[in-house]
1. Out of all the residues in region B:33-48, is one or more over 24 Å from A:Q3 (Cα atoms) and outside any strand (DSSP E or B)?
2. Residues that are modelled with pLDDT under 95, of a type in the set (G, A, S) and touching an Asp or Glu at 6+ places or on another chain (Cβ under 9 Å): does region B:3-20 have at least one?
3. Determine which single condition A:I77 fails, assuming it passes every other condition in (1) farther than 28 Å from B:T108 by Cβ; (2) within 12 Å of another protein chain (Cβ to nearest Cβ); (3) hydrophobic (A, V, I, L, M, F, W, C).
4. Every residue in region B:1-23 that is under 19 Å from B:F67 (Cβ atoms) and hydrophobic (A, V, I, L, M, F, W, C), please.
5. If a residue must be buried (at least 16 other Cβ atoms within 10 Å of the Cβ) and assigned to a strand (DSSP E or B), how many such residues does region A:23-43 contain?
6. Can you tell me which residue among B:G28, B:G94 is within 14 Å of B:S3 (Cα to Cα), more than 10 Å from chain A (Cβ to nearest Cβ) and out of contact with any Cys (no Cβ under 6 Å at 6 or more places or on another chain)?
7. Residue pairs, Cβ under 6 Å, 6 or more apart or interchain, first in region A:1-20 and more than 13 Å from A:G104 (Cα to Cα) and without any contact (Cβ under 8 Å) to a residue 60 or more places away in the chain, second of a type outside the set (F, W, Y) and in a strand (DSSP E or B). List them.
8. I'm trying to understand the selection: among the residues of region B:52-62, which are part of a loop (DSSP other than H, G, I, E, B) and touching a residue at least 24 places away in the same chain (Cβ under 8 Å)?
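The values are calculated or read from the model by the stated rules, or taken from the named source; none is laboratory data. Values in this document were obtained by computation on a predicted structure and should not be read as measured data. All Cβ positions, glycine included, derive from the backbone under ideal geometry; neighbour counts span all protein chains shown.
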Amino acid sequence: EAQVTQNPRYLITVTGKKLTVTCSQNMNHEYMSWYRQDPGLGLRQIYYSMNVEVTDKGDVPEGYKVSRKEKRNFPLILESPSPNQTSLYFCASSSTQNSPLHFGNGTRLTVT
Amino acid sequence: AQSVTQPDIHITVSEGASLELRCNYSYGATPYLFWYVQSPGQGLQLLLKYFSGDTLVQGIKGFEAEFKRSQSSFNLRKPSVHWSDAAEYFCAVGAPGGYQKVTFGIGTKLQVIP
C-alpha cells in the first residue's frame with residue numbers, strides 16, 4: 001500500500017530536549033516536505049526536499065532541521081524544542097514538483 | 001507570492017442538503033488549485049485538483065469544484081451531504097513552475113446535522 005509513515009504519532013517532551021520525528025514514503029517520490037498545522041493558521045510549510053541531499057526552507061523554518069540522506073526518508077529534527085513548537089506536524093510527498101501531496105497521519109507534539 | 005482565503009471557518013449543514021465551500025486565491029497567473037479533506041486524527045487526502053482545461057472538475061466522494069478566473073475562486077460543491085462528510089476542508093494553491101510552493105488556506109470545518 002502506498003503510504004507516508006510518520007513516527008511517533010504523539011510526543012510529549014520538555015523544552016530543550018532534542019527530538020526527531022521520522023517520515024518515510026514507499027512511493028519512490030522525489031519531493032518531500034514538512035508542514036505544521038495550527039488552529040486558525042492552516043498548514044504552513046517548514047522545509048522541503050527536491051531529492052537526496054537537496055533541501056530548502058519553507059515559510060517557517062526557524063527552530064527546525066531536516067536531512068535527506070535517502071530518497072524514502074525525510075526526518076524532522078528539533079535541536080532545542082520550545083513551547084511555541086507545540087503543534088501538529090505532517091510529512092508529505094509527491095512525485096513531481098506540483099503533483100498532489102500524499103500526507104502522513106501526523107505527529108502531535110507537545111513541548112512543556 | 002500566492003495566498004488563499006477560506007472565508008468560512010465553520011459551516012453547519014443538514015444531511016441531504018447541498019454544500020458550497022468558498023475559496024479565493026491570489027496569484028498573478030493561473031495557479032494549480034487543490035481541495036483536501038482532513039478527517040479527525042488523519043492526514044489530508046486529496047479531493048480534487050485543477051491544473052488547466054475544463055474549469056469544472058470532479059473529485060472523489062461526489063465533490064466537484066469550479067475554477068472561475070474572473071472571481072479568483074475555486075469553490076467546492078456537493079449536491080447532497082452525507083454525515084460522513086463531516087471533516088475539515090482545505091483549499092490550496094500552487095505556483096506552476098515553482099517547486100512545492102503550495103499555500104494552504106486556514107480550513108473550513110464542516111458539521112453535518114441529522
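1. Checking region B:33-48: not a single residue is over 24 Å from A:Q3 (Cα atoms) and outside any strand (DSSP E or B).
2. No: region B:3-20 contains no residue that is modelled with pLDDT under 95, of a type in the set (G, A, S) and touching an Asp or Glu at 6+ places or on another chain (Cβ under 9 Å).
3. (2)
4. Correct list: B:V4, B:L19, B:L21, B:C23.
5. The total comes to 12.
6. Numbers: B:G94 fails: more than 10 Å from chain A (Cβ to nearest Cβ).
Testing whether each residue is within 14 Å of B:S3 (Cα to Cα), more than 10 Å from chain A (Cβ to nearest Cβ) and out of contact with any Cys (no Cβ under 6 Å at 6 or more places or on another chain) leaves just B:G28.
7. What qualifies is A:T20/A:I77.
8. Correct list: B:G59 only.
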